[in-house]
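First up is the structure itself, then whatever we jot down about it.
Read-outs: derived from the displayed coordinates by stated rules, not from any lab. Quick caveat: nothing in here was measured; it's all calculated off a predicted structure. In this analysis, Cβ positions are derived from the backbone assuming ideal geometry, glycine residues included, and neighbour counts consider all displayed protein chains.
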Amino acid sequence: MANAYSADDLLEFLDHAGDKGLMPAATAQALAVATRNVLGILSDAEKADLGQLDLDATVRRFSNKRAKDFNPSSLKEYGRRIRRAVDLFLSWREDPANFTVKTRTTTGPRKRDKELGSDESTTRETSTERAPDEVAGTYRSAVPIRPGLVVTLVNIPNDLTSAEAERIAGFVRMLALQ
């Protein structure tokens, strides 16, 4: 670990932050996906020291090179996420003991029910409840990909077409490191 500011160090930080609860695991994963994609266009020498990297120029290069693979809003979101990932990483490197991540808080239906004095939340059937991120007319499925690791797919449309399945498969292939 020559300078501890390489792309690999950034990805290790995101894994660590998600695993240790420094940030929500889903946030860490989303930042890591954007990081892998955006920094994937760089040479090994460019990835070696993020301190020397012009992040705005890198995001422009990524947008130009991968414009056919993403819609414009996704390109913008990847740019936002890589900037946030690098900012969080640098903040953590500067002072790991005082590192915090600001997250949004929402009031879920159960908390609102309690605040309103309703006991409806205690009478709901848990087996028919959907997770907050699930959409009606969809299902979830778990896919074991290696020993000890299962990937869960959520919001799979009940009427998934072959073309949609290919689109999802293409996205997953893009995530692979090899």
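By count of other Cβ within 10 Å, fewest leading, how are 94, 134 ordered?
94, 134
Across the range 38-82, how large is the tail of the calculated P(r) beyond 14 Å, expressed as a percent of all Cα pairs?
44 percent
Taking other Cβ within 10 Å of each residue's Cβ, how do 73, 63 sort, fewest first?
73, 63
Could you work out how far the C-alpha centroid of the range 1-71 sits from that of the range 87-101, in angstrom?
16 Å
Please work out how much length the chain gains when fully extended from residue 141 to residue 155, using 0.36 nm per residue of separation minus the C-alpha to C-alpha distance, in nm with one decimal.
That works out to 4.1 nm of additional length.
What ranking of 33, 150, 86 emerges when the number of other C-beta atoms within 10 Å of each C-beta is taken as an exposure proxy, fewest first?
The fewest-first ordering by Cβ neighbours comes to 150, 33, 86.
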